[in-house]
Amino acid sequence: MLYIANWTLVTFLLALWSFAAWALHGVVVWAVTKAPSLTGPSADLSSVPVPAWLMQFLPIEAMQALIVGLTETWTMLAGFLQAAPSVATGVTVVTWAVWGLGSAVLLAVGVGIHICVSLWGRRRVGTAKFSA
């Protein structure tokens, strides 16, 4: 029964790991391929409205400094964002590598638990023979 519980848990975790890797890969590739469209005149952050609830906590000067800092950072990253679609292939390779390593670790843990359950079962059988 413990073997079934062990491998059911390992299978569930492997499915969860696979889904997480697939979802994260999809989001990153989508973001990387859409990144070049975020640069240019439409990337002017000074026109972005500030939420009213945030204005209650920060003074106007702090908000203006934050917007200026974000705009400067955004323009600095614009060159990288223009080259971002070429990174999408690398993201796929990295995702497969990380998924493979994580899957190998999950399977190794499953095998380790399987061996521990087996040794524990043998020890219980061995002590039952001596006590009879």
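What follows draws every value from the coordinates through simple rules; no lab data is involved. Every value quoted in this text rests on a predicted model; they were computed, and no experiment measured them. No Cβ is skipped: glycine too gets one built from the backbone with ideal geometry, and neighbour counts run over all protein chains shown.
Couplings 3J(HN,Hα) for the range 100-113, derived from phi with the Karplus relation 6.51 cos²θ - 1.76 cosθ + 1.60 (θ = phi - 60°), are x, 5, x, 5, 5, 5, 4, 5, 5, 5, x, 5, x, 5 Hz, where x marks Gly and Pro. What residues of the range 89-104 lie in the reach of a label at ALA20, counting those whose backbone N is under 19 Å from a point 7 Å from the Cα along Cα→Cβ? Counting only backbone N, you get 92-104.
Beyond 14 Å, what share of the Cα-Cα pairs of the range 64-103 is found? Please give it as a whole percent. Tail fraction, whole percent: 64. Each residue, GLU72 and VAL111, gets one label point 7 Å from its Cα in the Cβ direction; the gap between the two is 5.4 nm. Between the beta carbons of LEU2 and LEU101, assuming R0 = 25 Å, the FRET efficiency works out to 0.40 to the nearest 0.05.
Calculate, in nm to one decimal, what TRP120 and THR11 gain on full extension: separation in residues at 0.36 nm each, minus their alpha carbon distance.
On the way: separation 109, 0.36 × 109 = 39.24 nm, distance 2.22 nm.
That works out to 37.0 nm of additional length.
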